[in-house]
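Scroll down for the structure; my scribbles are underneath it.
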Amino acid sequence: MRKVLKNRSLKKSISLKNGKHKLSAKKRKKIRHGIGVRKKTPISSLNNKSGRIGKKIKELEKKSNSLLTKGRSRGFITYDEILKEFPSIEEDIIFLEELYEKFNSANIDVLEGGGMLDDSVTDMVDKKNIYKRGSNIASHDSIQIYLRDIGRNPLINAKEERELAKRILDGDTEARNLLARANLRLVVSIAKRYVGRSPDLTILDLIQEGNLGLFKAVDKFDYTKGYKFSTYATWWIRQAITRALADQSRTIRIPVHMVETIAKYKQTFRRLSQDLGRDPLADEIAVEMDLSTDKIYQIEKINQDTISLERPVGDDGDEKSTLGDFIKDDKISSPDQDTSRRILADQIREIINDLSPKEKKILEMRNGLDDGIYHTLEEVGKEFGVTRERIRQIEAKALEKIQKHEKAQRLRNY
């Protein structure tokens with residue numbers, strides 16, 4: 001058998017030499033110029049390739065260690081944080097499983113993305129000094145401790161949710177607490193959207209207000225309607241937070257519905273500013289928000305910050321000027337107006353003094369010249385014991401005398 005195969009291969013090689021199995025011109029050209037022929041890989045190329053692989057492995061290990069460090073410090077890591085470091089990790093299932101094993105070995109929980117306070121939000125809070133309240137500065141560790149505590153509460157599925165809801169209807173207090181604790185992450189995810197809305201409410205304050213809304217949702221949840229508890233609770237949490245912002249974020253309270261409208265106005269203003277490269281006009285904002293221009297002006301008027309009139313202006317040592325010193329009070333007349341009014345009053349008094357005592361008293365009561373109170377004809381008539389018609393006649397006669405008075409011409413300048 002071996003001889004037969006050997007003879008066949010020999011015949012084939014001989015036939016190739018004799019041209020019985022001719023190659024095409026294209027193939028002969030490729031062989032002659034070395035095209036399509038597998039070449040040996042140089043040693044230097046192999047070294048470069050292995051170097052790139054080693055560099056990639058080191059980079060993956062560096063990112064993995066960063067996640068492990070972050071997870072150990074607070075006891076959990078989120079899906080969003082994993083995807084931020086490894087955007088295409090779904091394509092490498094083996095590496096993902098290895099990463100999960102590392103987290104499990106380090107007792108680090110992997111939680112849903114968006115349900116926790118990520119670093120971007122924490123950085124934003126730090127930049128805006130949201131932790132300041134009066135002279136006290138809340139520690140960043142207090143937030144991390146709280147997140148670590150609620151991260152230990154296990155999540156529940158839809159079936160467990162329904163079971164807890166049934167027990168709550170039966171008056172089970174423990175079931176109420178379990179359902180609330182399982183959704184504390186939801187409160188954090190909603191509260192972090194409102195960070196920066198008020199300098200007086202820290203992220204912990206917003207979370208606390210949201211927790212109050214969560215317990216309201218637990219008490220009012222009806223599992224028989226078929227929707228998820230998180231969908232129902234979201235509205236109660238948002239309502240509690242927005243009401244707290246409306247009640248505590250401003251010196252002058254703004255209605256809750258206007259707080260939401262102002263927030264939408266600010267978002268629209270920022271978006272149009274980026275698109276147009278300038279501050280948008282009220283008409284442009286009105287078209288974008290589907291509101292009238294007058295409504296936009298009203299929103300802008302309401303969305304003004306309050307400033308203390310005692311706020312110092314400039315730096316003049318101990319004798320500092322305050323903002324109130326530079327603001328005009330429209331209720332107080334200017335010195336020239338006050339002087340003109342006094343001169344007019346004196347001239348009117350001179351003319352009235354020439355009338356009879358009865359006419360003088362009636363004009364004073366009717367025009368409030370004495371006490372600033374305008375009396376009716378009936379009130380003046382009771383004072384003098386005559387009818388209203390008689391008082392009207394006396395008043396008309398007295399005014400006619402004033403018009404004909406020689407000093408009345410001076411009053412025309414006023």
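Along the principal axes of its C-alpha atoms, what lengths does region 175-241 span, in descending order and rounded to whole Å?
The Cα atoms of region 175-241 stretch 41, 19, 15 Å along their principal axes.
Would you please put 175-182, 334-341 in order of how densely packed they are, using the mean number of other Cβ atoms within 10 angstrom per residue and starting with the highest?
Listed from highest to lowest mean packing, they are 175-182, 334-341.
Among 189-199, 248-258, how do they line up by average Cβ neighbours within 10 Å per residue, starting with the highest?
Values: 189-199: 18.5, 248-258: 13.0.
Sorting 189-199, 248-258 by mean packing, highest first, produces 189-199, 248-258.
Across 10 Å bins from the origin, how do the percents of Cα pairs in region 260-327 run, short distances first?
Computed distribution, short to long bins: 18, 34, 16, 23, 8, 0.
Compute the distance from the alpha-carbon center of region 197-254 to that of region 262-334, in whole Å.
Each part's Cα centre sits 29 Å from the other's.
Under a Cβ-Cβ cut-off of 12 Å, what is the net charge of the residues other than Tyr374 that fall near it, where Lys and Arg count +1 and Asp and Glu count -1? Walk me through the numbers on the way to the answer.
On the way: positive: Arg366; negative: Glu364, Asp370, Asp371, Glu379.
Within the 12 Å Cβ shell, the charges total -3.
Among the chymotrypsin sites (Phe, Trp or Tyr not before Pro) within region 217-251, which fall in a DSSP loop and have no more than 11 other Cβ atoms within 10 Å of their own Cβ?
Values: sites: Phe221, Tyr223, Tyr227, Phe229, Tyr232, Trp235, Trp236; in loops: Phe221, Tyr227.
Counting only loop positions with at most 11 other Cβ atoms within 10 Å, the chymotrypsin sites (Phe, Trp or Tyr not before Pro) in region 217-251 are Tyr227.
Could you tell me which chymotrypsin sites (Phe, Trp or Tyr not before Pro) in region 322-412 are loop residues by DSSP with no more than 13 other beta carbons within 10 angstrom of their beta carbon? Can you show the working numbers first?
Working: sites: Phe326, Tyr374, Phe384; in loops: Tyr374.
Passing both the DSSP loop test and the Cβ count: Tyr374.
Restricting to lysine pairs 8 or more places apart or on different chains, what number in region 273-414 have Cα atoms under 17 Å apart?
11
A short reminder: the numbers here are calculations on the coordinates, not readings from a lab. Being a predicted model, the structure only gives us computed values, none of them experimental. Cβ sites come from the backbone with ideal geometry, for glycine too, and all protein chains shown count toward neighbours.
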